[in-house]
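Have a look at the structure below, then the notes.
Bear in mind that the values in this text are calculations on the coordinates, not laboratory data. In this text the structure is predicted, and so the values were computed from the model without any measurement. Note that each Cβ is placed from the backbone with ideal geometry, even for glycine, and that neighbours are counted across all protein chains shown.
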Amino acid sequence: MNIHEYQGKILFKQAGVKVQDGVHCKTIDDALNAYDSLDSKVVAVKSQIHAGGRGKGSLYDQETDNLVMEGGVKIAFSRDEVEQYARNIIGRKLVTKQTGSSGKIVNNLYVEAGCSIAHEYYLALLVDREAKTILIMASTEGGMDIEEVAEKTPEAIHKIWTHPVDGLNEKDALEMADKLGLDGHSKQDLVSMLESLSRMFIEKDCSMIEINPLVKSDSGDMIALDAKVSFDDNASFRHPWMEEMRDYSEEEEVEIRAHDHGLSYVKLDGNIGCLVNGAGLAMASMDVIKLYGGEPANFLDIGGGATKESITTAFGIILEDENVEGILVNIFGGIIQCDMVARSVIEASNELGLQVPLVVRFSGTNHVEGKEVLDHCDLDVHTSSTLAEAAEKIVNLTRGEE
């Protein structure tokens, strides 16, 4: 689950992380009132969408698709400029590298007090699955795409790790400050910030915190000038407040519907629909499809407790995508039984009037029985014993090859 920058900064404040004063706005009048209340001659007028690269994005009129303004983050030096920028941002379609050409409609704005900047840094906290702990990554090259920094100047990226139970080692935090060239007040500020963010990461069940840029002000304060925060959906039962922060206008309707049925679904640009149980197996299935020259149309994890109803919903969601020319079902039976999935696939296919090639690969609990159910049904379905064989088959079928 993602949240907006202004929401992330509310959490930062609660955690003790320094941020500039700012006001969440929904209208032009809100933006003007925010400017009046902030008592700052210079303010940042920031579009709020769940995507990065806002500052380098382009804003388009929804109806005409004409370019309105370059840049979804603007520095305003007067009340008139705040009005101008707010008018050009609110209700417009913002296209960035991360949104793709379809863009996102800007329904929220954040007006933030200006800040005197001595230097910009990059800071992020991530789950390091290989190390089974939390990675803290920072760079002196703030304000840039971290992928570009990693490619061109990898030595500028510094890493330390903090254990979710033991907490952050102060020695490691001080070492990170040294690597960033900080001293005095700024050094202690960063150490305090890392300690606060580490606690917040654990307490709020975050999956990522990214600040780009983190800035050192002229007075030496370390200030989070951005806030990109996401949470682990699996922990939402522990945090009722998460639902209040969720902005459904930022999510695809089909993804919301999938979530309501216990499915994890993300639409992609390919032509081969995927129905898989388990996130890791779903990723592997997509990789093998690409290995054989195909392109997955979606990520879809039905989970370990799938039912006939959820499988039917999953099929329906896949087939709503007009680009889908074939479907790969890849199930590893555990709690879920392959023969139940087989019968559900048949019923769902008949109910929805399946017209595209279907390849199914079973392994695990009742996989032999599941294969027999499919092999003896009237449905035009191909069964395979291995993922490689199944992926190659569905790719060939979508190309018109047997």
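Here the chain is assigned +1 on the Cβ of each Lys and Arg and -1 on the Cβ of each Asp and Glu. Its dipole about the Cα centre then comes out at about 740 debye. Give, as a single signed number, the net charge of other residues whose beta carbon lies under 12 Å from the beta carbon of ILE331, with Lys and Arg counted +1 and Asp and Glu -1. Overall, the nearby charge balance is 0.
Dividing the Cα radius of gyration of the range 124-171 by 2.2 N^0.38 Å, with N the residue count, gives 1.26.
Of the trypsin sites (Lys or Arg not before Pro) in the range 73-118, the ones in a loop by DSSP (not H, G, I, E or B) with at most 13 other beta carbons within 10 Å are LYS97.
The trypsin sites (Lys or Arg not before Pro) of the range 106-180 that DSSP puts in a loop, and whose beta carbon has at most 13 other beta carbons within 10 Å, are ARG129, LYS132.
Mean residue ellipticity at 222 nm, helices only, the chain: -11000 deg cm²/dmol; runs of at least 4 DSSP H residues each add -39,500 (n - 2.57), and the sum is divided by the number of residues.
Cross-link partners of LYS290 among lysines, defined as those whose alpha carbon lies under 30 angstrom from its own and excluding same-chain residues fewer than eight positions apart: LYS97, LYS104, LYS132, LYS152, LYS267, LYS308, LYS371, LYS393.
Taking every Cα-Cα distance in the chain and sorting them into 20 Å bins starting at zero, the pair-distance distribution P(r) comes out as 24, 47, 26, 3 percent. Of all beta bridges that DSSP places with both ends in the chain, some 75 percent have antiparallel geometry. Among the GluC sites (Glu not before Pro) in the range 239-276, those located in a DSSP loop and surrounded by at most 15 other Cβ atoms within 10 Å of their own Cβ are GLU251, GLU252.
The relative contact order of the range 21-113 comes to 43 percent, based on Cα pairs under 8 Å that sit 6 or more residues apart. Would you mind classifying the range 1-98 by shape? Square roots of the alpha carbon gyration tensor eigenvalues, ordered a ≥ b ≥ c; an a/c under 1.5 is rounded, otherwise it is prolate if a/b is larger than b/c and oblate if not. Oblate.
Pairwise inverse Cα distances across the range 253-398, averaged and inverted, put the Kirkwood hydrodynamic radius at 14.5 Å.
Sorting ASP30, ASP39, ASP61 from the fewest to the most surrounding beta carbons within 10 angstrom yields ASP39, ASP61, ASP30.
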